[in-house]
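Structure first, then comments.
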Amino acid sequence: HKVRMAIAGHKWNMQKGIDYTDVYAPAPNQNTARFMAAATAQLRLHRLAWDIKLAYCNAPLPNNEMIAIRYPRGYERFRGPEGARKEEEFMLLKKNIYGHPAAGKQWADTRDAFIRSRFNEGAWSCVTSVYDPTLFYIRNSDINEEAWLSVYVDDCDVVGTSNGMLCKIFDIMKAKWDS
């Protein structure tokens with residue numbers, strides 16, 4: 001059985017400016033998928049796709065913030081002396097969670113920072129597309145291979161000049177986040 005806890009992030013539960021600030025996370029341009037499909041066919045590129053598991057939960061909250069949330073109905077906890085009015089206890093989250101309005105942006109910032117940092121080490125070089133901020137051009141000068149990585153939330157789609165290059169990119173990202 002698979003269960004995923006999520007907070008109720010509806011507009012009556014959380015308020016912008018109080019519980020969170022920015023929520024914008026870039027989405028792929030519709031032409032990016034067309035470009036990648038055309039490039040794959042025209043240049044005889046290789047393709048690989050994968051999903052990052054529990055992506056939002058991998059993003060830390062900004063500035064060491066914490067989120068106070070109420071225990072789910074049926075799991076509430078209370079404390080206080082016996083016979084007195086008991087106070088409800090809350091959970092404090094130190095990482096992101098599904099349902100939080102800013103979770104998408106925090107995950108996108110975390111993910112993109114890792115990609116830009118890790119794929120600009122050693123023989124790797126990585127550039128973000130100006131046209132589509134979810135598209136990364138990655139090159140490895142040691143093996144003279146290149147790839148284009150499109151990331152939408154937790155879905156990764158990469159095309160490149162060899163399967164070996166794509167597998168190296170996947171292995172690096174899998175070592176960081178289960179995929």
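Per-residue HN-Hα couplings for region 143-153, Karplus 6.51 cos²θ - 1.76 cosθ + 1.60 at θ = phi - 60°, whole Hz, x for Gly and Pro?
10, 6, 10, 9, 8, 10, 10, 10, 10, 10, 6
Quick one: with all protein chains in place, what share of the accessible area of the chain is carbon or sulfur, to the nearest percent (1.4 Å probe)? Working shown, then result.
Values: 5860 of 11400 Å².
Here it works out to 51 percent.
Determine the relative contact order of the chain: mean sequence separation of Cα pairs under 8 Å and six or more apart, normalised by residue count, in whole percent.
29
Treating only the Cβ atoms of Lys and Arg (+1) and Asp and Glu (-1) as charged, compute the dipole magnitude of region 13-164 about its Cα centre; round to the nearest 20 debye.
Once rounded to the nearest 20, the dipole reads 260 debye.
Over region 126-179, calculate the relative contact order: mean separation of alpha carbon pairs under 8 Å at least 6 apart, over the residue count, as a percent.
Numbers: 64 pairs, mean separation 11.0, N = 54.
Taking the mean separation of contacting Cα pairs over the length of region 126-179, I get 20 percent.
Skipping prolines and chain starts, which residues have an amide H placed within reach, meaning under 5 Å, of the one on L61, given they are 5 or more residues away or on another chain?
Amide H neighbours of L61, under 5 Å, 5+ apart: N96.
Count of lysine pairs in the chain with Cα atoms under 13 Å apart, counting only pairs 8 or more residues apart in sequence or on different chains?
4
Would you mind calculating the gained length between D142 and Y75 on full extension (0.36 nm times residue separation, minus the Cα-Cα distance), in nm to one decimal?
Values: separation 67, 0.36 × 67 = 24.12 nm, distance 5.46 nm.
Extending this stretch completely gives an extra 18.7 nm.
On average over all directions, what projected area in square nanometres does region 31-179 have, based on the convex hull of its Cα atoms?
On the way: hull surface 47.9 nm².
Averaged projected hull area, Cα only: 12.0 nm².
At 1.4 Å probe radius, can you tell me the per residue accessible area of region 38-179 in Å²?
Here the residues of region 38-179 average 58 Å² of exposed surface.
Does region 110-179 come out rounded, prolate or oblate by the C-alpha gyration tensor, with a ≥ b ≥ c the root eigenvalues, rounded set by a/c under 1.5 and, if not, prolate when a/b is larger than b/c and oblate if not?
Rounded.
The values are calculated or read from the model by the stated rules, or taken from the named source; none is laboratory data. Only a predicted model underlies this, so the values are computations on that prediction, with no experimental measurement involved. Using ideal geometry, Cβ is built from the backbone for each residue, glycine included, and neighbour counts are taken over all protein chains shown. Quick note on the areas: whole protein, heavy atoms, side chains included, nothing else; ligands and nucleic acids left out. Shrake-Rupley method; radii C 1.70, N 1.55, O 1.52, S 1.80 Å.
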